[in-house]
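**Student:** Structure in structure tokens, see below.
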Amino acid sequence: RSHEVVDETTSVKQEMAYLKVELAAMYTDRTKLDQMSKQKQQQQQQQPKAAPTPTRNNNNSSSSTTDSNLPSAWDANELLSGNKPPNSNNNNNRNSNTHPATTATSVEDANNNNNRNRNNNASEQATITADQRIQLQNLRGTTLTVFFTDKSATEALASKCGIKHHVLARFKETTGNAPLELSLDTCQKGGAATHISNLTLLGKSGAGRSQRDTVLQLGFFLGRDKGTALHWGHLPDRLYRRMQDSGRNPRQSSSELTFLAVGPMDYYYAEFRSGEAWWGSSTDDRAFQTICNEWDVHRVVFGPAWAMDDFDSATTTTSSSSSADKTTAHAQIVPWIIVSRDGRAAWRNIPARLEALLNRRMANQAGIAEVSLGSGDAYFCRFLDGTIDYCLPAQQAAVAHELELRGLTITNIALHPELSNGFVIRSTYA
């Protein structure tokens, strides 16, 4: 039977139409699965169990067993770094019903920079066995699936993670730009994500560059359990200048970081191995400054900047209640989420779907373990009971779905708050 001959443009349009239909069907299926997952969680809550079963957003579940002899702490990064979490107790996996008043006097200085010292007592270091260390590393995720439109960024990250030479050579020879998987099989012993405690995406333009420069490519920061931190790209201008002004060598000082979060408009939050924490912003963000000063911070993430004209107010919500911080100036605001080590969480102007999820869960369910915000309304969130939820652009969602189909459990996704041309998915078979 003969078929009508069509040009390439028409064929592409037809194919796109088919894809739209498939994506709509997938979205419908995901909504139904989300509802089923919620019903299953409600049933599980009525019948307490000894250990929770992680639930993914596609309603596929996998059992997770934990060594009962592990020290009592919910933060694997703390145990793997050798530090005992302060105020560690059996309630750390729940949310506190108390929160600091967001109307408290701001403590930022004239440059909107501030710092806090966290007391890391060397005599209170937690001791774990070699087997327990391996177990925690596996639960945290040892595999990275990396995608940057700039292949040099992918190659740089792969090199920092100890990729085997023949695997990297084969990747360099490939045409196009597909995600690269860094696993225990493709990397040297102790490589991949085995010892990575924090992975943050950076812009390649930054310190020492004109503010008019357009950031087109991404870099990265790697905080590690032990040893020096690594980064490829530039630190936020405000953080870089602060290191210089305090008499520190930025290269040396950045290697001592254990955690770094960066956002638009020079927002940043940084923790050093000494226990000292720095944060700053280019705007008079009193709620952000106050919470960073008063809370023992576990995680900070920033979202894309929004024009104040788009909002009636800037809202900060904590684990137990919400309060509006009215702002009348017409300016841009930066969304953020702050998670404390006692389970509390505060956020401002985050995507509506994520805010609804947090409002439902934070009163009486497990708190946030990992969270990230991307461009637009993109986000990823994992809770302490293993439940994850994400809203990602089509390409990123497709990669995440493929990993789940292969039986991997996604433990975190590194996103950039302003750019969608790169992402890193952390996962495990544990």
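**Student:** Search the structure for amide H atoms under 5 Å from the amide H of His298, placed 1.01 Å from N in the peptide plane, and list their residues when 5 or more places away or on another chain.
**Tutor:** Here Val339, Ser340, Arg341 satisfy the definition.
**Student:** Give a residue-ordered list of calculated ³J(HN,Hα) values for region 238-248 (Karplus: 6.51 cos²θ - 1.76 cosθ + 1.60, θ = phi - 60°; whole Hz; x for Gly, Pro).
**Tutor:** Rounded to whole hertz, the list is 5, 5, 4, 5, 5, 4, 5, 5, 8, x, 9.
**Student:** Once amide H atoms are built 1.01 Å from N in the peptide plane, which residues 5 or more positions from Gly219, or in another chain, come under 5 Å H to H?
**Tutor:** For Gly219, the qualifying residues are Leu202, Gly203, Lys204.
**Student:** Return the sequence-ordered ³J(HN,Hα) values of region 179-191 in whole Hz as given by the Karplus equation 6.51 cos²θ - 1.76 cosθ + 1.60 applied to θ = phi - 60°, using x for Gly and Pro.
**Tutor:** x, 10, 9, 10, 10, 5, 7, 8, 10, 5, 4, x, x
**Student:** So how do Ser81, Ser152, Ser274 rank on accessible area, 1.4 Å probe, biggest first, that is with the largest at the start?
**Tutor:** Working: Ser81 30, Ser152 50, Ser274 85 Å².
Ranked list, largest accessible area first: Ser274, Ser152, Ser81.
**Student:** Something else now. Tell me which residues come under 5 Å, amide H to amide H, from Leu419 once H is placed; ignore anything under 5 positions away on its chain.
**Tutor:** Long-range HN contacts for Leu419: Ser375.
**Student:** In Å², what does the accessible area per residue of region 212-275 work out to with a 1.4 Å probe?
**Tutor:** Details: 2840 Å² over 64 residues.
Computed with neighbouring chains in place, this is 44 Å² per residue.
**Student:** Under the Karplus relation 6.51 cos²θ - 1.76 cosθ + 1.60, θ = phi - 60°, what is the ordered set of whole-Hz ³J(HN,Hα) values for region 419-427, x standing for Gly and Pro?
**Tutor:** Couplings: 10, 10, 8, x, 6, 9, 9, 9, 8 Hz.
**Student:** Moving on. Beyond a 20 Å Cα-Cα separation, which of these cross-linked pairs lie in this structure: Lys13/Lys151; Lys164/Lys226; Lys189/Lys226; Lys151/Lys172; Lys160/Lys189?
**Tutor:** On the way: Lys13/Lys151 29 Å; Lys164/Lys226 22 Å; Lys189/Lys226 16 Å; Lys151/Lys172 8 Å; Lys160/Lys189 13 Å.
Result: Lys13/Lys151; Lys164/Lys226 exceed 20 Å.
**Student:** Separate question: Leaving ligands, DNA and RNA out of it, rank Val371, Val12 by accessible area with a 1.4 Å probe, largest first. It would help to have the intermediate numbers written out before the result.
**Tutor:** Working: Val371 10, Val12 75 Å².
Sorted descending by solvent-accessible area, the residues read Val12, Val371.
The values are calculated or read from the model by the stated rules, or taken from the named source; none is laboratory data. What you are looking at is a predicted structure, and each value in this text was computed from that prediction instead of being measured. Quick note on the areas: whole protein, heavy atoms, side chains included, nothing else; ligands and nucleic acids left out. Shrake-Rupley method; radii C 1.70, N 1.55, O 1.52, S 1.80 Å.
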